[in-house]
Structure formats: C-alpha cells, structure tokens
C-alpha cells in the first residue's frame, strides 16, 4: 500500500450548503451588535474561524532560526560582493529575510534545512517581485514579461537582477530537491505568479476601479465574476508551489509510487493557502488598509455584496475544508502530520508577523 493512501476524497467535498448545518462556530459573529465596527466584525469572524479549525494562535512560534538566517545572509552577501545585485537590492532582500526565515521555519518545521532554505529564498525573491509590482506597476510590468522569457531559457540581456535570480532559483535548484512532476509544479506556479502580477499591474494602470469586470457582473448569470476572482487568485497566490514544497524528494523519494495519491490533496491545500492568506491579510488590507486589488474587494466590486459577508462565507468554507482534510488523512500519519504542521504554522505565522498587524487586535503570542 502507498504510504499516503487515503479515504475517498468524495467523502469530504465541501460546499456552502453542507456547511449550514455542520456546527461551524459562529457565536461571536452572530452575537455582534448592529452597530459593530468593521474591526469588531472582522475580529469576531476570525475568532470563530480559529476556533473552527482548532488552532491556538496564542502559542509562541519556535525560536528564530539563526542558522537559516545565516545561510541566506551569506548567500546575499556573496551576490552583493560579486556585483550580481546592488546595495539597493541587498537592502530590500535583507529586509524580507527575517520574515521569510520565520515562514519557512514555522510552516515547514519538520523539513531539513535545505528545504527551508529553498522556501525562504523563494519567498524573499517572489515577495520582492510582488512589492515592486504593487509600488511601481508601470516600471515593473516589463520585468514580469522578461521573467516569462527567462523561465523558458530565452536570452534576456538587461533585467532587474532579482527577476533573473527568481527564475534561476526554480529552474536550477527546484529539480535538485523535487522529482520531475514536483519541480514542474513549482516552475509552472512561478510562471502563473508572474502572469497574475501582470494582470494586477495592468488593472492598476488601466482599470483601477474594476469597471471592465463590473460590466460583466451586471449580466453575469453563470458565476463568471466569482470564478474570475478565483482564477486570478490561483495565479497570484503561488499556492501550487507552496503546496508542492510540502512533498520533497527527501520524504517522498519515489514519485511513481506516491504521485497519484498526493495530487488529489493539492486542490484543498491550495485553497487553504490562497484563502487562508486572504482571510489573515484582511485586517491589514481592508480594515486599516485600503487595498483595491484583494480577493474580497474584487468580489464586492463585482457582485455588490459586502466584502465582510464574503469573508464570513470563506471562513466557514475553510473550517469545513480543514476538518474534511483531517478526516480524510486520519489513517495516514505521515501526510496528516505534514498537513497539521502546515495549518498550524500558516495561521501562527500570519498572527505573529508584524506585516499583518493582527497583534493590534489581540491575535498572536505577544498578546496572550
């Protein structure tokens, strides 16, 4: 038997209709007064969500992984010393390094340091691409097109050095740690990410108010606008790559024996990654922030339904999804352990990362 054989995935298909009577926690949200603020409403929704998936956000994260930080710093120091990157790039990348170290350590805690190094470096480079697209879309849009050509091995004479490093990382280093299909997933997801950023940049430059898709929404009777939001989120979330990072050669050496058992797990894990990030980023993006390109903002603009209602619906769906995955993997301790570490780590990293600002409303170990 495969080491990760599992119960029928059809046993745990999650739909909104099934959730209505499934004891998804909602006491705090249901008990809100009519005049509750946006911040109070978000906090109640998130508290119910964390109770539903049984994750204690107040637990302290593991100690800072200084060994991993040193590996990454040495690598970036060499890139600066040999002229591959300039001081301005080095400063930006080093700013991203501590958070990326925590991300790789907390979520991928059971993996060897070489996997954590790849995950952390991937996060540093690809957040850099994201940051530059958001901050200067007109300048960085051509870089994203160059990235696509770099990923195909085409010659690109002049580009941002991090664009080249990001492409080389997945083309050269991912196949060393992942089997053929797995390395392909990481490469494909990275391409999807760049293309998703292209769409976000063009949206910001050409259609910041979302009028184009809103026009479709007026006549949409087949759910196109919601599907489009999900389609774009699958690209910008890089969730397929981060899901694949959970299944390296060192734990699953024989791809022929495990691939068919692993693949059905990708869709729910990718949902956890994409929608989990949307949920846990909502406070910084839509309560204290005003980001117009978020998943929930896009759904509100397309449908006219308040984004907090979309948030509540997605939280309830994610509760069912996490519970369903646990049920499905109950007889597979290897994968269940990886999944439990992932869910717990993903939530606790977001709750404790300063960039998400959840400590301001009582989430994370510092507010225990």
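Just so you know, all these numbers are worked out from the coordinates, no wet-lab data involved. Note that the coordinates shown come from a computational prediction; the quantities given were computed from them, not determined experimentally. With ideal geometry, Cβ positions are generated from the backbone for all residues, glycine too; neighbour counts draw on all protein chains shown.
Just a few scattered comments:
- Separation of alpha-carbon centers, region 240-300 and region 50-116, rounded to whole Å: 18
- GNM result for the chain, Cα springs below 10 Å: residue of 84, 133, 99 fluctuating most strongly: 84
- Inverse mean reciprocal Cα-Cα distance (Kirkwood Rh) of region 262-308, Å: 11.7
- Translational D in µm²/s for region 13-112 (Stokes-Einstein at 25 °C, 0.890 mPa s, Kirkwood Rh from C-alpha pairs): 139
- Taking every alpha-carbon pair within the chain, the share separated by more than 36 Å comes to 21 percent.
- Taken along its principal axes, the alpha carbon cloud of region 104-203 reaches lengths of 41, 28, 21 Å, longest axis first.
- Long-range tail of P(r) for region 217-368 (Cα pairs > 18 Å, %): 63
- Per the Debye formula on identical point scatterers at the alpha carbon atoms of region 161-301, with no solvent, log10 I(q)/I(0) at q = 0.12, 0.17 Å⁻¹ is -0.59, -1.01.
- Each Cα pair under 8 Å and six or more residues apart adds its separation to the average, and for region 195-304 the resulting relative contact order is 40 percent.
- Build a GNM of the chain with springs between Cα atoms under 10 Å apart, and of 112, 175, 61 the one that fluctuates most is 112.
- With the helix formula -39500 (n - 2.57) applied to DSSP H stretches of n ≥ 4, the chain reaches a computed 222 nm mean residue ellipticity of -21000 deg cm²/dmol.
- The calculated FRET efficiency for residue 231 paired with residue 81, based on their beta-carbon distance and R0 = 45 Å, is about 0.60.
- Multiplying the residue separation of residue 39 and residue 181 by 0.36 nm and removing their Cα-Cα distance gives an extension gain of 46.8 nm.
- Length-normalised contact order for the chain - Cα pairs under 8 Å, 6+ apart - percent: 28
- Highest-MSF residue in the chain out of 57, 95, 356 [GNM, Cα springs under 10 Å]: 95
- Relative contact order (percent, whole number), region 119-171, Cα cutoff 8 Å, 6+ residue spacing: 41
- Stokes-Einstein D for region 272-344, Kirkwood Rh over Cα pairs, 20 °C, 1.002 mPa s (µm²/s): 158
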